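The values are calculated or read from the model by the stated rules, or taken from the named source; none is laboratory data. None of the values given here were measured: they were computed from a predicted structure. Counting neighbours? That spans all protein chains shown, and the Cβs are built from the backbone with ideal geometry, glycine included.
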Amino acid sequence: MATKHINIAFIGMGKKSIATFDFFIRKHAEKLCRQVNIKQAEAFIVDYDSSNGQQQWQQTDPEKKIPVILISSQQPEESGWLWVPKPVKGSDLKHAIQDLVRIRDNKQPTHHHALARSQKTGGRAEKPSPQPQDVATDIGKIKTGYNRSFDEEACAGLNLSRDEIVECCGKLDDVDIHDHDQRQSIFHNDKKTLVAPIQAGLRLAKRENKDVEIDLLKTRIILLAGGERIQADLNNRVIRHICAIPLPRRLDTTLIEPPTIEQCHVHKAETVLWQVALWTARGRLPNTLEPEKAVRLMRWPNFTRLQITPHALRIAAAWTQKAMSPLQIAEALEIPQRYVFSVASAADALGLFTDKNSNQHNSYGSWKNSRNLFSSILRSLRNAA
């Protein structure tokens, strides 16, 4: 018999924090719980580090009869409640929600290895026992930067913190596309970003079958001969900063001799171009892609190598079915426009789009062979297993 989900409300959190936790629940705990308003809640998730959270919790449930997950950097002195330490790990949060269901059903919590009932410990947090990382990994981290290392070939999946989501998808609210000023705010010019020189350098590396260098002053990107691989330290924040600003001039691409030292930080070309496009777009569209124009994906993106942003899998699934505009995708999936625009920018950089009546694609895609969609999905599943 299936377990009835538990209704959960968030206390002491802002809209962005609630959206982050709600995204996690819909992806990884949809069968366990759902978000409701405070009056309908059977349990609370409280940001205990927030003075507003403690006060609101006390006002909402003064007798403290409703099961609660307390989220804080140090273990609270409240006794008898489930506690998840910050930074929040997806596995800990999921186990805590499972225990909330068990408490509601008058059963004992089982996941003491992942989280514990709070006891007085002088305000010091007892570190949970090490656990294998799950798909969710860390969410809602305070620090800026990536949880993954880009030196690992496999994609980190959905392990984006709030700061990382902003770096890839920005913070733009949905716009009225008919308002001129609002419309202009959703575009960026790829010709003045790092995307264009990488695309040009890949074509040159393929045509001349030689390495091509893009000099970024404090670091460099080398497009290896053949145009299939790129040497770039994506962990270097200089690249991210360059992506985030319009460049005053087009960066030069230069043919060079192969380096004599051992190559490191080498990635598939599509991995680098997709990531650079995300960092560049930050929730906007390239000015060559109209928000009302219907397009579709010619093939499924290889997400085993590509960063998965919020809703990216749903967006890609919709766009492989039929031609739709970015605005139609956002409306159909009922998600913020910026998440659709980010995927659209990255897919456009890889040349994955076509319109309703044409199979033509852009200059990057012209040297990348299209693959059968079914084969691509099977291969992605095998690699992810």
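Looking across R240, R207, R229, one residue alone is in contact with a Phe, Trp or Tyr (Cβ under 6 Å, 6 or more places away or on another chain) and among the basic types (K, R). It is R240. Would you check if F10 is part of a helix (DSSP H, G or I), under 25 Å from the mean Cα position of the chain (by Cα) and either at pLDDT below 85 or not aliphatic (A, V, I, L, M) (or both)? In short, no.
Being surrounded by fewer than 15 Cβ atoms within 10 Å (Cβ to Cβ) and at pLDDT 90 or above is a property that N209 has. Restricting the first member to the range 288-304 and to residues that are under 22 Å from I186 (Cβ atoms), and the second to residues that are among the β-branched types (V, I, T) and part of a loop (DSSP other than H, G, I, E, B), the beta-carbon pairs closer than 8 Å and six or more apart or on different chains are P291/I177; P291/I186; E292/I177.
Matching residues to (1) more than 18 Å from the chain's Cα centre (by Cα); (2) assigned to a loop (DSSP other than H, G, I, E, B):
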{"position": "I222", "(1), (2)": "yes, no"}
{"position": "A225", "(1), (2)": "yes, yes"}
{"position": "L255", "(1), (2)": "yes, no"}
{"position": "T271", "(1), (2)": "no, no"}
{"position": "V276", "(1), (2)": "no, no"}
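Of the numbered criteria (1) modelled with pLDDT of 60 or more; (2) small (G, A, S); (3) within 30 Å of N287 (Cβ to Cβ), the one G80 fails is (3).
For the range 300-337, filtered to residues that are within 12 Å of the chain's Cα centre (by Cα) and part of a helix (DSSP H, G or I), the residue that is nearest to L160 (Cα to Cα) is A312. If the condition is being of a type in the set (S, T, N, Q) and without any contact (Cβ under 8 Å) to a residue 40 or more places away in the chain, then the range 11-40 contributes Q35, N37, Q40.
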